[in-house]
Amino acid sequence: MAKILEKERLSEAVWRFRLHAPRIARKRKAGQFVILRPLEDSERIPLTVAGADPEAGWIDIIFQVMGKTTMQLRDLPEGASVRDLAGPLGKPTHIERFGRALCVGGGVGVAPLYPIISALFAAGNHVTTIIGARTEELIILEDDIKASCNRLLIATDDGSHGTKGFVSDVFKGLTEAGEKFDVAFVIGPVIMMKVTTALTVAAGIKTYASLNPIMIDGTGMCGGCRVTVNGQTKFACVDGPEFDASQIAWDETVTRLNAYKSFEARVRENYHECKIANA
Ligand SMILES: Cc1cc2nc3c(=O)[nH]c(=O)nc-3n(C[C@H](O)[C@H](O)[C@H](O)COP(=O)(O)OP(=O)(O)OC[C@H]3O[C@@H](n4cnc5c(N)ncnc54)[C@H](O)[C@@H]3O)c2cc1C
Ligand code: FES
């Protein structure tokens with residue numbers, strides 16, 4: 001059980017929960033995640049540790065409401081507890097003084113990117129961050145990120161904030177202006193990662209993407225999170241979630257992520273209807 005100490009709405013469908021989790025707060029590093037179940041009968045879902053205070057004993061998770069399990073989590077009140085919480089899981093991001101680092105985040109991918117930005121900045125890198133969303137109201141963590149990097153650039157699909165277009169368009173603008181980077185970290189929807197990392201890799205930048213396949217046990221036993229990297233089968237929960245983007249089989253990753261879409265839509269609809277019926 002992990003008590004919800006604070007609950008804050010960051011945008012239309014994105015929430016930040018502060019959870020009492022002293023042992024995870026002490027051990028976690030940038031890039032790692034937890035697996036939790038909001039209720040006894042919930043599915044287990046992975047969420048990145050977006051922040052932590054080892055002295056106070058809390059961790060932050062930031063999540064987008066996507067389907068039944070994230071709806072169940074959202075509906076828990078402050079002071080209640082999530083049923084169980086395991087972590088920290090996954091390999092931490094490799095942080096060193098690379099030189100000029102580029103961080104690119106799309107949608108709720110900005111949340112898992114934030115601890116990586118902070119760690120790169122703290123290690124003495126010059127950090128440029130590009131974040132993007134459909135529209136201004138969906139941009140999250142703008143002030144936190146601005147305070148944790150050298151330069152923040154924003155893109156919105158509708159042009160309501162920052163550049164009109166995608167994060168990949170902003171990156172193209174930087175390369176056209178002759179900017180060079182030593183390393184790039186990209187996190188967001190899988191299509192955004194596929195498109196953006198194709199550009200950064202083509203520009204000769206060593207690029208890491210954080211994959212988000214379906215995870216169940218988070219221990220390398222179930223095979224749910226199987227991905228192909230450099231022609232080899234890897235389990236994102238124990239070998240990742242970050243991988244060299246130039247080696248990821250992107251089309252297979254997209255296909256596997258879409259495998260349960262119709263089932264997920266049905267479950268989401270039923271949960272919504274149940275809530276209305278019980279209101
Ligand atoms: C390592 C990792 C870190 C993640 N960190 C974050 C985060 O910080 N914030 C955030 O908002 N989201 C994060 N996700 C995605 C998050 O786990 C899914 O959005 C969540 O599981 C959706 O569950 P649902 O039942 O609400 O939605 P559903 O309707 O069941 O599914 C919606 C979509 O969520 C994904 N999903 C569903 N179940 C799982 C599962 N068991 N494991 C992985 N993905 C699943 C699939 O892409 C699916 O199409 C992360 C995923 C991984 C693998
Ligand atoms: S979640 Fe089961 S092997 Fe990775």
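Quick check on this structure: which one of M215, M221 is at pLDDT 75 or above, more than 19 Å from the chain's Cα centre (by Cα) and either farther than 24 Å from F185 by Cβ or of a type outside the set (S, T, Y) (or both)?
Working: M215 fails: more than 19 Å from the chain's Cα centre (by Cα).
The match here is M221.
Tell me, please, whether a residue that is aliphatic (A, V, I, L, M), in contact with a Pro (Cβ under 7 Å, 6 or more places away or on another chain), more than 23 Å from G224 (Cα to Cα) and crowded, with 21+ Cβ neighbours inside 10 Å can be found in segment 5-27.
Within segment 5-27, one or more residues are aliphatic (A, V, I, L, M), in contact with a Pro (Cβ under 7 Å, 6 or more places away or on another chain), more than 23 Å from G224 (Cα to Cα) and crowded, with 21+ Cβ neighbours inside 10 Å.
Residue-wise test of (1) surrounded by fewer than 15 Cβ atoms within 10 Å (Cβ to Cβ); (2) farther than 16 Å from I187 by Cα.
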{"site": "P88", "(1), (2)": "no, yes"}
{"site": "A101", "(1), (2)": "no, no"}
{"site": "G107", "(1), (2)": "no, no"}
{"site": "R134", "(1), (2)": "yes, no"}
{"site": "I139", "(1), (2)": "no, no"}
{"site": "D143", "(1), (2)": "yes, yes"}
Scan of segment 23-55 for residues that are within 16 Å of ligand 2 (Cβ to nearest atom) and assigned to a strand (DSSP E or B), ordered by number: F33, V34, I35, L36, R37, I45, P46, L47, T48
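Of all residues being of a type in the set (S, T, Y) and in contact with a helix residue (DSSP H, G or I) (Cβ under 6 Å, 6 or more places away or on another chain) in segment 45-98, which is farthest from D244 (Cα to Cα)? Just the residue, please.
Taking segment 45-98 as the starting set, the residues that turn out to be of a type in the set (S, T, Y) are 48, 69-70, 81, 93.
Keeping just the survivors that are in contact with a helix residue (DSSP H, G or I) (Cβ under 6 Å, 6 or more places away or on another chain) gives 48, 93.
Details: T48: 19, T93: 12 Å.
Of everything passing the filter in segment 45-98, T48 is farthest from D244 (Cα to Cα).
Being over 26 Å from Y208 (Cα atoms) and touching a residue at least 12 places away in the same chain (Cβ under 8 Å), is that true of even one residue in segment 25-35? Walk me through how you get there before you give the answer.
Filtering segment 25-35 for residues over 26 Å from Y208 (Cα atoms) gives none.
No, segment 25-35 contains no residue that is over 26 Å from Y208 (Cα atoms) and touching a residue at least 12 places away in the same chain (Cβ under 8 Å).
The values are calculated or read from the model by the stated rules, or taken from the named source; none is laboratory data. Since the structure is predicted, the reported quantities are computational estimates derived from the model, not experimental observations. Cβ coordinates were reconstructed from backbone atoms using ideal geometry, including for glycine residues, and neighbour counts include every protein chain displayed.
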